[in-house]
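Asker: For reference, the structure I am asking about is given below.
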Amino acid sequence: MNGSNAPAGPDAPAHPAAPKQLLPLLGSDEDVVAFFAGVADLDATDPASHQLEDGVRLASGARLEQFARAGSGDAFCFVGEGGEERPVVYVSLDGAAGPLAIGLRELVRLCLVAPWWRDAPGRTARELQAVADDHREHTPDIDRRRERAARALGLDPADLPSEATVVARLVELSQGPVATDCLVVGYEGDPLDPLFDATPAHP
């Protein structure tokens, strides 16, 4: 009998589950929404209401698709065609934009580890610790909410990267070719300001 058609024995491993699609969970799972919308300021609960300002687009002409927003109205967007593996850029109503992650899974890890990421690049290690401490003071149950959200997304909280790792990644993206590929322009065709100072934070 052809091996590909052989029946699975009692000890045969089950087919590995496909990776979870994260975006539907970001907009519907109670524990996930409680963390991402309530702590990380990423609201994906009403995709139909997510709409970029007229004229905001990628300089390359590639697709810019908003999938979530911050409370301020700032936009989280996918770049190009495809699924959750696409680069993610953040477009601020203040006229700044830049890449945050390559793929939604990386963005999710960033938000779980450092929901205060907007204040990260350019700050010293001591200043970053103060930002994190302030965030924790205002959200005393953050560890519990993070763990519940991570598990709902199929992630092991123990496997999440460190704060230093995700901050370094933001700086790397802001300096590298991804930033060029993800350059956002306004309605007059001028590039928006970089989202971050690309200077790495120093201890």
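Asker: Specify which labelled value, from [x] 1.04; [y] 1.00; [z] 1.17, agrees with Rg/Rh (Cα atoms, Kirkwood Rh) derived from the coordinates of the model shown.
Answerer: [x]
Asker: Given 0.36 nm per residue, what is the gain on full extension from Asp156 to Ala59 after removing their alpha carbon distance, in nm?
Answerer: Result for the pair: 31.2 nm of gain on full extension.
Asker: Further, regarding this structure: Rounded to whole Hz and in sequence order, give me ³J(HN,Hα) for region 80-91 from the Karplus expression 6.51 cos²θ - 1.76 cosθ + 1.60, θ = phi - 60°, writing x for Gly and Pro.
Answerer: Once θ is set to phi - 60°, the couplings for region 80-91 become x, 9, x, x, 6, 7, 6, x, 10, 10, 10, 10 Hz.
Asker: Taking only protein heavy atoms and a 1.4 Å probe, what accessible area per residue, in Å², does the chain have with all protein chains in place?
Answerer: Numbers: 11100 Å² over 203 residues.
In whole numbers, the chain has 55 Å² accessible per residue.
Asker: For region 48-203, with all protein chains present and a 1.4 Å probe, just round the carbon and sulfur fraction of the accessible area to a whole percent.
Answerer: 48 percent
Asker: So what is the calculated 222 nm ellipticity per residue for the chain, using -39500 (n - 2.57) for each DSSP H run with n of 4 or more, over all residues, to the nearest 500 deg cm²/dmol?
Answerer: The helix-only estimate for the chain comes to -9500 deg cm²/dmol at 222 nm.
Asker: What net charge is computed for the residues neighbouring Gly71, neighbours being all others with C-beta under 11 Å from the C-beta of Gly71, Lys and Arg scored +1, Asp and Glu -1?
Answerer: Spelling it out: positives minus negatives among the neighbours equals -2.
Asker: Using a Gaussian network model of the chain with C-alpha springs under 10 Å, which one of Leu25, Leu93, Leu192 is most mobile by mean-square fluctuation?
Answerer: Greatest mean-square fluctuation among the candidates belongs to Leu93.
Asker: Sticking with this structure for a sec: Amide H to amide H, which residues 5 or more places from Leu192 or on other chains are under 5 Å from it, using H placed in the peptide plane?
Answerer: Correct list: Val184, Val185, Gly186.
Asker: Moving on. Which one of Asp143, Asp94, Asp74 has the biggest mean-square fluctuation once the chain is modelled by GNM with Cα springs under 10 Å?
Answerer: Answer for the Gaussian network model of the chain: Asp94.
The values are calculated or read from the model by the stated rules, or taken from the named source; none is laboratory data. Predicted, not measured: the structure shown is a model, and the values here were computed from it. Using ideal geometry, Cβ is built from the backbone for each residue, glycine included, and neighbour counts are taken over all protein chains shown. Ligands, DNA and RNA are stripped out before the accessible areas are found, and what is left, the full protein with its side chains, is counted by its heavy atoms. Shrake-Rupley method; radii C 1.70, N 1.55, O 1.52, S 1.80 Å.
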